[in-house]
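Participant: Submitted below is the structure of interest, expressed as structure tokens.
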Amino acid sequence: MPLTFDDLLIRARALAPGGRRAILGVAGSPGAGKTTLAERLVGALNDGGPPWAAHVPMDGFHLADAELERLGRRERKGAPDTFDAAGYAALLRRLREDTDEVVYAPAFERTLEQPLAGAVPVPPTARLVVTEGNYLLLREGAWARVRPCLDEVWFCALGEEERIRRLVARHEEFGKDHAAAVAWVRGTDQRNADLVAATRERADLVVPPGALPAPDGTPDTRSRPVRG
């Protein structure tokens, strides 16, 4: 039978038996639906009660634009070496320690296109931390420290045409005109997407398009071409 979102919920709940804290990673190429899946999982698992699950995005570890300018990497923003991978791994290790205090994680503010420190509280009640990002399965450099911190990693396998359509729409939403959005998606984003796609075989579970919620929470079977 095809994998469903309800199947994913059951599997996610089972990662934290006996009340221990577990960390679930959600990987995938840019625009594949990682954030939407993580948010839907956490919302359904908490179901209006005390926070049993928490969402910690990898994107909070983007280097600030000023630092990217200093390093000469501004035009490659989003590539693996434009993140603080070691800092991200250190946060995951701290979350695994499961102390009785709130742990604060950074977020990424898309309107500003900048990281925002201390924006994501992970309370002691959180038994499952869902973290999502492109590079959870990379083996190069400090990224190799990430996978050992995760109980499982799921890979979002959205169809390529739909993934690109969503990604262009996201760039347009946050200020790029259509031509600039398409150029960025076909260039910088695609190079990163190809790198991430090569890590798919290392995932514990590949989540097919039918089990991925659309941004509005409904199954998404649309597939529209991108102009340009």
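Participant: May I have the pair-distance distribution P(r) for the range 63-124, computed from all Cα-Cα distances with 10 Å bins from 0 and rounded to whole percent?
Facilitator: Going from the shortest bin to the longest, the percentages are 20, 45, 26, 9, 0.
Participant: Quick one: which of 28-35, 3-10 comes out on top by average Cβ neighbours within 10 Å, and what's the full order, highest first?
Facilitator: 28-35, 3-10
Participant: Could you give each residue of the range 98-114 its phi-based ³J(HN,Hα) in whole Hz, using Karplus coefficients 6.51, -1.76, 1.60 with θ = phi - 60°, and x for Gly or Pro?
Facilitator: Calculated HN-Hα couplings, in order: 6, 7, 9, 10, 5, 10, 9, 10, x, 10, 10, 8, 5, 5, 8, 6, 9 Hz.
Participant: Could you tell me how far the Cα centroid of the range 118-141 sits from the Cα centroid of the range 1-41, in Å?
Facilitator: Taking the Cα centre of each part, the range 1-41 and the range 118-141 sit 12 Å apart.
Participant: Need one number: nm distance between label points at Leu205 and Asp65, each 7 Å from Cα along Cα→Cβ, rounded to one decimal.
Facilitator: 3.8 nm
Participant: Here's something else I'd like to know. Going by amide H atoms built from the backbone, whose H comes under 5 Å of the H on Val153, apart from near neighbours?
Facilitator: Gly25, Asp204, Leu205
Participant: Can you tally the net charge around Asp151? Count Lys and Arg as +1, Asp and Glu as -1, for every other residue whose Cβ sits under 15 Å from the Cβ of Asp151.
Facilitator: Every neighbour counted, the sum reads +4.
Participant: Using the crude model of +1 on Lys and Arg Cβ and -1 on Asp and Glu Cβ, and no other charge, please compute the dipole size for the chain relative to its Cα centre, in debye to 20.
Facilitator: In debye, rounded to 20, the chain gives about 360.
Participant: Something else: For the charge dipole of the chain, defined by +1 on Lys and Arg C-beta atoms and -1 on Asp and Glu C-beta atoms about the Cα centroid, which residue among His62, Val120, Val153 has the Cα displaced farthest towards the positive pole?
Facilitator: Val153
Participant: Could you check which residue among Ala12, Ala157, Ala117 shows the biggest mean-square fluctuation in a GNM of the chain with a 10 Å Cα cutoff?
Facilitator: Highest fluctuation among the options: Ala117.
Participant: Is the range 94-206 rounded, prolate or oblate when judged by the Cα gyration tensor, a ≥ b ≥ c being the square roots of its eigenvalues, rounded requiring a/c under 1.5 and prolate requiring a/b larger than b/c?
Facilitator: Oblate is the answer for the range 94-206, as a/c is 1.5 or above yet b/c matches or exceeds a/b.
Participant: What list of ³J(HN,Hα) couplings, whole Hz, do you get for the range 133-139 from phi and the Karplus terms 6.51, -1.76, 1.60, once you set θ to phi - 60° and write x for glycine and proline?
Facilitator: With the stated coefficients, the range 133-139 comes to x, 5, 10, 5, 10, 5, 10 Hz.
Participant: Sequence-distant or interchain residues sharing an amide H contact under 5 Å with Ala54, placed H: which?
Facilitator: Here Leu128, Val129, Val130 satisfy the definition.
Participant: Can you tell me how the chain classifies by the Cα gyration tensor, rounded, prolate or oblate, using a/c under 1.5 as the rounded cut?
Facilitator: The shape class here is oblate.
Participant: Still on this structure, I have one more. Along the charge dipole of the chain, which of Ala32, Leu45, Ala203 sits closest to the positive end, that is, farthest toward it, with unit charges on the beta carbon of Lys, Arg, Asp and Glu (+1, +1, -1, -1)?
Facilitator: Positive-end residue among those listed: Ala203.
Participant: Along the charge dipole of the chain, pointing to its positive end and built from +1/-1 on Cβ of Lys, Arg, Asp and Glu, which listed residue (Thr131, Phe174, Val103) has its Cα farthest out?
Facilitator: Working it through, the farthest residue towards the positive pole turns out to be Thr131.
Only the coordinates and a few stated rules stand behind these numbers; no lab work does. Here the structure is a predicted model, which means the values were calculated and not measured. Counting neighbours? That spans all protein chains shown, and the Cβs are built from the backbone with ideal geometry, glycine included.
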